[in-house]
1. Could you run the Karplus curve 6.51 cos²θ - 1.76 cosθ + 1.60 with θ = phi - 60° over the stretch 163-176 and give me ³J(HN,Hα) per residue in whole Hz, x for Gly and Pro?
2. Two decimals, Cα atoms only, Kirkwood Rh: what is Rg/Rh over the stretch 72-111?
3. Solvent-accessible area of Glu165, probe 1.4 Å, all protein chains present, reported in Å² to the nearest ten, please.
4. Of the beta bridges DSSP finds with both residues in the stretch 1-159, what % are antiparallel, to the nearest 5?
5. What are the residues whose amide H is under 5 Å from the amide H of Ala102, where those residues sit 5 or more places off or on another chain and H is modelled from the backbone?
6. If amide hydrogens are placed 1.01 Å from N in the peptide plane, which non-local residues have theirs closer than 5 Å to the one on His12?
7. Give me the dipole magnitude in Debye, nearest 20, for the stretch 1-155 about the Cα centre, with unit charges on the beta carbon: positive for Lys and Arg, negative for Asp and Glu.
8. Which ³J(HN,Hα) values in Hz, rounded to whole numbers, follow from the phi angles of the stretch 44-53 under the Karplus curve 6.51 cos²θ - 1.76 cosθ + 1.60, where θ = phi - 60° and Gly and Pro get x?
Amino acid sequence: MADETEIPSVEHVEGTGIPVRGNDIDTDQIIPARFMKVVTFDGLGEFAFFDQRFDDEDNEKDHPFNEEQYQDANVLVVNSNFGCGSSREHAPQALVRWGIDAVIGESFAEIFAGNCLALGVPTVTADTETIRELQDYVEKYPDSEIEIDVEAETVSYDDRVVEVEVDDAQRKALVDGIWDTTALMKSNTEAIADTAASLPYIEDPEPRKGHADD
């Protein structure tokens, strides 16, 4: 019997925002390498932006992820080239485990965006002015709701609706519920087995033990 695994579609993300300003924030800043020596991704959330949040004596520094008003936020608002650097999948894993469900920014590193998609996290882009206005708004009204419509490519807040962009392939995968490729394969194990069984295979000849003239 085929596995009935269901992959949820991601058409909308709603919640409050958290602004992290700065261009070229790389994956080492998002999750320092020393916290990647784990068997599973569980618990990575507490180490998100660790070196930006704490000094060498573990005293808190000024960072949005430390601020009380953002502790329940789930929409991260960033600037350009976010997630650049090494292609560590631990970076979006740490963000998700901190509580992030979507990221809005000016631009994203391609591999980072792909790793986010594998977790069902939209990476939505908008121009510099739109992002700056949204970050300013979130800082002023941290409890206000933000709604991302993935299919319509809009972000709504404060009675405003702004146009954003979602990569075509990403939008289709999220809206159609085919973003989790592992679960997708698992849910189609019977069909995969049937296809594999129907493929023609050529049996390997017995290995030669030696040449005839040896």
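1. Once θ is set to phi - 60°, the couplings for the stretch 163-176 become 7, 10, 10, 10, 3, 3, 5, 5, 4, 4, 4, 5, 5, 7 Hz.
2. Checking Rg against Rh, the ratio lands at 0.95.
3. Roughly 120 Å² of Glu165 is accessible to a 1.4 Å probe.
4. 45
5. Leu76
6. Residues meeting the criterion, in which the H sits 1.01 Å from N, are Val150.
7. The dipole magnitude comes to about 540 debye.
8. Once rounded to whole Hz, the list reads 5, x, 5, 9, 4, 6, 4, 6, 7, 9.
The values are calculated or read from the model by the stated rules, or taken from the named source; none is laboratory data. Treat the numbers as computed from the prediction; the structure is a model and nothing was measured. Ideal geometry is used to build each Cβ from the backbone, glycine not excepted, and the neighbour counts take in all protein chains shown. The area values use the complete protein model at the heavy-atom level, side chains included, leaving out ligands, DNA and RNA. Shrake-Rupley method; radii C 1.70, N 1.55, O 1.52, S 1.80 Å.
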